[in-house]
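The values are calculated or read from the model by the stated rules, or taken from the named source; none is laboratory data. This one's a predicted model, so the numbers in the text were calculated from it and none came from an experiment. Note that each Cβ is placed from the backbone with ideal geometry, even for glycine, and that neighbours are counted across all protein chains shown.
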Amino acid sequence: MTDATDRTKRWRASATSGDIARETVSLFHPGFSQDWHLTTWHEPFAGNVRGEEVTFTPHPFELQRPATTSSGRYEMQLNLFSTQTLIAEINAVTVTRTQAIECEFNQYFEAETDSEMTFGPLEITKIAGMSRGVSCTGTWLDFLNLGFPRTLYTPVLFPGLSR
């Protein structure tokens, strides 16, 4: 398998002005009827998440990445729009609070590949309703970031380390 950073450099060098990465978010919880794999891409596509091939379903969401000026643990904001089934499941498992919802954000340059960039896993700690959907706040679970609040380290940059 080609190193993700090498593929990233080649893709960015050869991408036309209209090319964009396929952004995805995956939500995991034992109380869900299924693991949710969503994408902002205009059509479904397959990709690898946590060692398994999954199909991403087109669905509107917005992810606000952490700022480097934040203090303490990194927090990311995830807004999900117009999905009553997913919102109902999130609200149901939030009430029980037996186990946290895990969230993972990935970018893909092509279908049926490993992701090029990953944020997560995140633990959803706050959920708030919006008029068009639900807003979730998650804290970073990656051990590389726990002791370094103003520097974002990812396993991609340290290939010998894993979560």
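When you check Q99 against the structure, is it in contact with a His (Cβ under 7 Å, 6 or more places away or on another chain), modelled with pLDDT under 85 and either more than 23 Å from M130 (Cβ to Cβ) or among the charged types (D, E, K, R) (or both), yes or no? Yes; evaluated as a whole, the condition is true for this residue. Please go through segment 22-34 and pick out each residue that is within 24 Å of A88 (Cα to Cα), out of contact with any helix residue (DSSP H, G or I) (no Cβ under 8 Å at 6 or more places or on another chain) and surrounded by 15 or more Cβ atoms within 10 Å (Cβ to Cβ). Correct list: E23, T24, V25, S26, F28. Return the residues of segment 28-61 that are outside any loop (DSSP other than H, G, I, E, B) and more than 15 Å from the chain's Cα centre (by Cα); say none if nothing qualifies. Within segment 28-61, F45, A46, E52, E53 meet the criteria.
Screening segment 5-21 for residues that are closer than 30 Å to T83 by Cα and either in contact with a Pro (Cβ under 6 Å, 6 or more places away or on another chain) or surrounded by fewer than 14 Cβ atoms within 10 Å (Cβ to Cβ) (or both) and picking the one that is modelled with the highest pLDDT gives I20. Checked across segment 52-64, the condition of being more than 24 Å from V134 (Cβ to Cβ) and either touching a helix residue (DSSP H, G or I) at 6+ places or on another chain (Cβ under 7 Å) or at pLDDT 65 or above (or both) holds for at least one residue.
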